[in-house]
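Each remark here refers to the structure printed beneath this line.
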Amino acid sequence: DGVGLLRTELAFLDSTGWPTEAEHARHLGPVLALLHGRIATVRLLDFGADKTPPFLAGTTQRGVHLLLQQPGALAAQLRAILRAATGTRLRILIPMVTEVSDVTRVRAAVREALEAVPRAEPPQLGAMIEVPVAAAIADQLAAEVEFFSFGTNDLTQYQLGLDRNRPGAAPSYHPGVLSLIAHTVAAARRHQVATEVCGEAASDAQVMPLLVGLGVDELSVGAARVSRVRDWVRRLDYGSLERLSNQALGAGGPGAVEALMGPWRRLLESGEAGSQGLQRS
Ligand code: PEP
Ligand code: MG
């Protein structure tokens, strides 16, 4: 259906300075040209932490906060996106949002960029929900955006105090992570804001059914997993998943959710059972 997460920073991890508009255009052009008429969710540069280029070595800032300190770099990226995204259904995604002003300041910068790129359509603007505090202020954020995207990789590590790069999967099915998602989906619904999951959890057979049951609208997964996850979704029914996710929300920890989800994961991964089998389980 389109692209749910274009990580623009990955093209610049060896950069010696903030990317120029021309450098952005060189990378965005060939990708966005393939998305005519489709959703193109382009995330603003998410430098910092595990994605720190040499010129930012030692920075303690991340995501949108780094970018907002460099208004020229933000403006250059926005102009390049608006130009390259002509003909797509453009969504601009803001990484590591922690306060409402992150969104309002980016929106002001988008307005300025639109003046510089006259034929560009106004894009939808979305906030990544990947720091627990963003979920806590979901109502205030929902009043300012057109969509939310759950970054379950970071949301899980920050909620659980774990390092996402440590060996072994971080349990994004922990009830404490699921409750952040449930709270945010409820706020989004109150404001008619669409919700998407773009973290790895969207293609995990143990978590994806819970995300659907919690009411998220869209899943974004790695290209190689699209057909498998689409098949899983078609074999599930929402009523059962809603009940299942309520059970998971009431669990005391990740172990209990693992036990709850074991049969579902096995049935999905086996690729054998039809939807009847899943509904009975
Ligand atoms: C996430 O945190 O889940 C996410 C999608 O962003 P990234 O993996 O690029 O940090
Ligand atoms: Mg992230």
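Taking R0 as 30 Å, what FRET efficiency do you get between Phe55 and Val133 from their Cβ-Cβ distance, rounded to the nearest 0.05?
0.60
Residues of segment 1-138: accessible area per residue at 1.4 Å, in Å²?
The answer is 44 Å² per residue.
Counting only heavy atoms of protein chains, what accessible area per residue, in Å², does segment 156-237 have with a probe of 1.4 Å?
Value returned for segment 156-237: 44 Å² of accessible area per residue.
Quick one: with all protein chains in place, what share of the accessible area of the chain is carbon or sulfur, to the nearest percent (1.4 Å probe)?
Carbon and sulfur atoms account for 49 percent of the accessible area of the chain.
Taking only Cα atoms, what is the 0 to 90° angle, nearest 10, from helix 21-32's long axis to the longest principal axis of the chain?
Once rounded, one gets 40 degrees.
Apply 1/(1 + (r/R0)^6) to the Cβ-Cβ distance of Arg189 and Thr16, taking R0 = 41 Å, and write down the FRET efficiency to the nearest 0.05.
Result of the calculation: an efficiency of 0.35.
Which order do the peptides 108-118, 129-139 take when ranked by the mean count of other beta-carbon atoms within 10 Å per residue, highest first?
129-139, 108-118
Which of Ala22, Thr52, Thr41 sits farthest toward the positive end of the charge dipole of segment 18-67, with +1 on the Cβ of Lys and Arg and -1 on the Cβ of Asp and Glu?
Of the candidates, Thr41 comes out farthest on the positive side.
Can you compute the charge dipole magnitude of segment 136-204 about its Cα centre, using +1 on each Lys and Arg Cβ and -1 on each Asp and Glu Cβ, nothing else charged? Give it in debye, rounded to the nearest 20.
The calculated dipole for segment 136-204 is roughly 180 debye.
When the Kirkwood hydrodynamic radius is evaluated over all pairs of different C-alpha atoms of the chain, what value in angstrom, to one decimal, is obtained?
Kirkwood radius, the chain: 19.5 Å.
Assuming R0 = 45 Å, can you tell me the calculated FRET efficiency for the pair Glu115 and Arg234, based on Cβ-Cβ distance, to the nearest 0.05?
Taking R0 as 45 Å, the efficiency between Glu115 and Arg234 is 0.55.
For a quick protection proxy, order the peptides 49-58, 141-150, 205-214, 240-249 by their average other-Cβ count within 10 Å, most packed first.
Top of the packing list down: 205-214, 141-150, 240-249, 49-58.
Given the Cα-Cα distance of Ala223 and Ser270 and 0.36 nm per residue of separation, how much length would full extension add, in nm?
The span from Ala223 to Ser270 would gain 14.9 nm if fully extended.
Give the separation of the Cα centroids, segment 83-138 to segment 153-202, in Å.
The distance from the Cα centre of segment 83-138 to that of segment 153-202 comes to 20 Å.
Go through segment 258-270 residue by residue and turn each phi into a ³J(HN,Hα) via Karplus (6.51, -1.76, 1.60, θ = phi - 60°); whole Hz please, and just put x for glycine and proline.
For segment 258-270, the Karplus-derived couplings read 4, 5, 4, 8, x, x, 5, 4, 5, 5, 5, 6, 5 Hz, x marking Gly and Pro.
Grab the other residues whose beta carbon is less than 12 angstrom from that of Ala40, score K and R as +1, D and E as -1, and report the net.
Once all neighbours under 12 Å are counted, the net charge is +2.
For segment 181-225, what's the radius of gyration and Dmax over Cα atoms, in angstrom?
Using the Cα atoms of segment 181-225, the pair Rg, Dmax is 10.7, 34 Å.
Can you send over the solvent-accessible area of Asp102, 1.4 Å probe, protein chains only, in Å² to the nearest 10?
0
Relative to the compact globular guide of 2.2 N^0.38 Å, what is the alpha carbon radius of gyration of segment 134-281, as a ratio?
That works out to 1.00 for segment 134-281.
Any idea what the dipole of segment 124-255 comes to, in debye rounded to 20, about its Cα centre with Lys/Arg Cβ at +1 and Asp/Glu Cβ at -1?
380
If amide H atoms are built 1.01 Å from N in the plane of the peptide, which residues on other chains or at least 5 residues away come under 5 Å of the amide H of Arg89?
For Arg89, the qualifying residues are Gly37, Arg38, Ile39, Ala40.
Which whole-Hz ³J(HN,Hα) couplings does segment 217-227 yield from phi under the Karplus relation 6.51 cos²θ - 1.76 cosθ + 1.60, θ = phi - 60°, glycine and proline marked x?
8, 9, 10, 10, 10, x, 3, 5, 9, 4, 5
How far is helix 238-249 tilted, in degrees, relative to the longest principal axis of the Cα atoms in the chain, given as a value from 0 to 90 rounded to the nearest 10?
90
Step through the residues of segment 40-56 one at a time and calculate ³J(HN,Hα) from phi using the Karplus curve (6.51 cos²θ - 1.76 cosθ + 1.60, θ = phi - 60°), rounding each to whole Hz and writing x for Gly and Pro.
Values, residue by residue: 10, 9, 9, 8, 5, 3, 10, 6, x, 6, 6, 10, 10, x, x, 5, 10 Hz.
Suppose every Lys and Arg Cβ carries +1 and every Asp and Glu Cβ carries -1, with no other charges. What dipole size does the chain come out with about its Cα centre, to the nearest 20 debye?
The calculated dipole for the chain is roughly 440 debye.
Taking all pairs of distinct Cα atoms, average 1/r, flip it, and tell me the Kirkwood hydrodynamic radius of segment 1-147 in Å to one decimal place.
For segment 1-147, the Kirkwood estimate is 15.3 Å.
Need one number: % antiparallel among DSSP beta bridges in the chain, to the nearest 5.
Within the chain, antiparallel bridges account for around 5 percent of the total.
Along the charge dipole of the chain, Cβ charges K/R +1 and D/E -1, which of Ala187, Gly239, His174 sits furthest on the positive end?
Gly239
Before rounding to the nearest 500, sum -39500 (n - 2.57) across all DSSP H runs of length at least 4 in the chain and divide by the residue total; then give [θ] at 222 nm in deg cm²/dmol.
One gets -14500 deg cm²/dmol as the mean residue ellipticity at 222 nm.
So between Ala108 and Glu242, what do we pick up on full extension, going 0.36 nm a residue minus the alpha carbon distance?
44.4 nm
The values are calculated or read from the model by the stated rules, or taken from the named source; none is laboratory data. None of the values given here were measured: they were computed from a predicted structure. All Cβ positions, even for glycine, are placed from backbone atoms using ideal geometry, and neighbour counts span all protein chains on display. In case anyone asks, the SASA skips ligands and DNA or RNA and just uses the protein heavy atoms, side chains included. Shrake-Rupley method; radii C 1.70, N 1.55, O 1.52, S 1.80 Å.
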